[in-house]
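**Q** The structure is given below, and queries will be raised subsequently.
The values are calculated or read from the model by the stated rules, or taken from the named source; none is laboratory data. This is a predicted model, so every value here is computed, not measured. Backbone-built Cβ (ideal geometry, glycine too); neighbour counts: all protein chains shown.
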C-alpha cells in the first residue's frame, strides 16, 4: 500500500491503462446483464439464460418453481409448478439461496458439488438474482460433470490393460505418471 501511495504521488509516473476483461462465467454474465437491465430497480427476467435458469415465485416463503429451463430439467429432473424443498442436495442449495435472497435482495453467488449418475461428480455454480423487489427470483446455473476418484482409478486400469493388450505399453510404465513422460531437451546456454 505504501508503494502505491508513492507511485500515485509521483506526477511523472503514468499508470498503465486498464483493459476490460470480459466475464467468462455464466453467473458473472448474468449478474452483469441483470445490472445493465436495471433489474435492481424492478425490471423483469434477465433474457438469454432460459435453458439454464429457474424462475422462483415467493423465494422467502413457499418458493414455487414457476419455470425451469430445459437443460436443468434434462440434467437434474426438476420440473416447473412445484415448490422447492430440501429433499436432495441441489434443491437444498436452491432453498438456501432463496432464503438468503429474501433477507438481502442482491445477487447471491453459490457453489455446490453433487453426486451425479454413473460415478460422476457434478460441480455446480449459480447465482440467484432478485426480481420484482424480491417477490421473484431468477436462479442461473452452470455445471460440469467430472469423474470421481473411483471412476478415475477404474478408467486408469482399463486404459492400462487395453494398452497392454495392444502391445504398445509396458506393464512397468504408467501412462499417467509424470516420471514416464519424456524429458524436454536441454536448451540452456553452455
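**Q** Looking only at region 38-56, filter to residues that are modelled with pLDDT of 80 or more and either part of a loop (DSSP other than H, G, I, E, B) or out of contact with any strand residue (DSSP E or B) (no Cβ under 6 Å at 6 or more places or on another chain) (or both); which one of those is farthest from residue 131 (Cα to Cα)? Can you show your working first?
**A** Filtering region 38-56 down to residues modelled with pLDDT of 80 or more leaves 45-56.
Going one step further and asking which of them are either part of a loop (DSSP other than H, G, I, E, B) or out of contact with any strand residue (DSSP E or B) (no Cβ under 6 Å at 6 or more places or on another chain) (or both), we end up with 45-51.
Numbers: 45: 7, 46: 9, 47: 13, 48: 16, 49: 15, 50: 15, 51: 18 Å.
Here the answer is 51.
**Q** While we're looking at this one, here's another question. Looking at residue 59 and the list (1) without any contact (Cβ under 8 Å) to a residue 40 or more places away in the chain; (2) in a loop (DSSP other than H, G, I, E, B); (3) surrounded by 17 or more Cβ atoms within 10 Å (Cβ to Cβ), which single condition is not satisfied?
**A** That leaves (1) as the condition not met.
**Q** Exactly one of these conditions fails for residue 130: (1) modelled with pLDDT of 90 or more; (2) farther than 13 Å from residue 56 by Cβ. Give me its number.
**A** For residue 130, the failing item is (2).
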